[in-house]
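Heads up, the thing below is written out as structure tokens.
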Amino acid sequence: MTQINTGRELLEAALQDLNAGAEALASRLPAIAGHLTDDSLRAAFDDLVDRARQDVDRLRDTGMAAGGPENLWMAGVLDDAERDTQATAPGGLLDTALIGAIRKGLASTIVSHDTALALARTTGEQQAEAAVGDCRDAAVRIDHDLAGHLARIAGDLG
């Protein structure tokens, strides 16, 4: 592993990590979403997959996001979600568990966006700043939408 010595190098590592997380969501979330029973929630997960694909493109357009290792946090979140599909009864319980799992991944991603934004601003990388800002804004909107689904679906459990 190469040592990171500059803000631009750290930004590049951050963009690679965000890209790897978006790639993992785009490739693994469709199978997980197939276990959802709420049609509106399934549509929200489908939107998240579409957005993850857009994020991959947007981040790669910076010229700094290709390569890098697996995003371990997102991989772990998706592993947990896959386990939930086997260990939790289908229906509202599983839908609720999957919302929680995916929102954990989004929370980590949003924090990572904040770091990358700060680095992009500090290094003057305007294209990276615009790309990450767009990705972050979308992640916040999606998280808010999933929180609404959580309140509705979990409310029906009681």
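Values in this text are rule-based calculations from the coordinates and carry no lab data. What you are looking at is a predicted structure, and each value in this text was computed from that prediction instead of being measured. Using ideal geometry, Cβ is built from the backbone for each residue, glycine included, and neighbour counts are taken over all protein chains shown.
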- Taking only pairs six or more apart or across chains, which ones have beta-carbon atoms under 8 Å, a first residue in segment 31-55 that is in contact (Cβ under 8 Å) with a residue 60 or more places away in the chain, and a second residue that is outside any helix (DSSP H, G or I) and not β-branched (Val, Ile, Thr)? HIS35/PRO90
- Note on the structure: Among residues of segment 65-120 being without any contact (Cβ under 8 Å) to a residue 40 or more places away in the chain and not in a helix (DSSP H, G or I), the residue nearest to the chain's Cα centre (by Cα) is THR88
- Note on the structure: Of the residues in segment 1-54, those that are of a type outside the set (D, E, K, R) and not in a helix (DSSP H, G or I) come to MET1, THR2, GLN3, ILE4, ASN5, THR6, GLY34, HIS35, LEU36, THR37
- Note on the structure: Scanning segment 55-93 for residues that are small (Gly, Ala, Ser) and within 26 Å of SER40 (Cβ to Cβ), the one surrounded by the most Cβ atoms within 10 Å (Cβ to Cβ) turns out to be ALA81
- Message: Among (1) closer than 16 Å to ASP145 by Cβ; (2) among the hydrophobic types (A, V, I, L, M, F, W, C); (3) surrounded by fewer than 22 Cβ atoms within 10 Å (Cβ to Cβ), there is one condition ILE102 misses while meeting the rest; what is its number?
- Response: (3)
- Note on the structure: The condition from (1) of a type outside the set (S, T, N, Q); (2) over 10 Å from the mean Cα position of the chain (by Cα); (3) buried (at least 22 other Cβ atoms within 10 Å of the Cβ) that ALA52 misses is numbered (2)
- Message: Against the definition (in contact with a Leu (Cβ under 8 Å, 6 or more places away or on another chain) and among the hydroxyl-bearing types (Ser, Thr, Tyr)), how does THR115 come out, yes or no?
- Response: no
- Message: Restricting to segment 1-49, and then to whatever is in contact with a helix residue (DSSP H, G or I) (Cβ under 8 Å, 6 or more places away or on another chain), charged (D, E, K, R) and more than 20 Å from LEU72 (Cα to Cα), can you tell me which residue is surrounded by the most Cβ atoms within 10 Å (Cβ to Cβ)?
- Response: ASP38
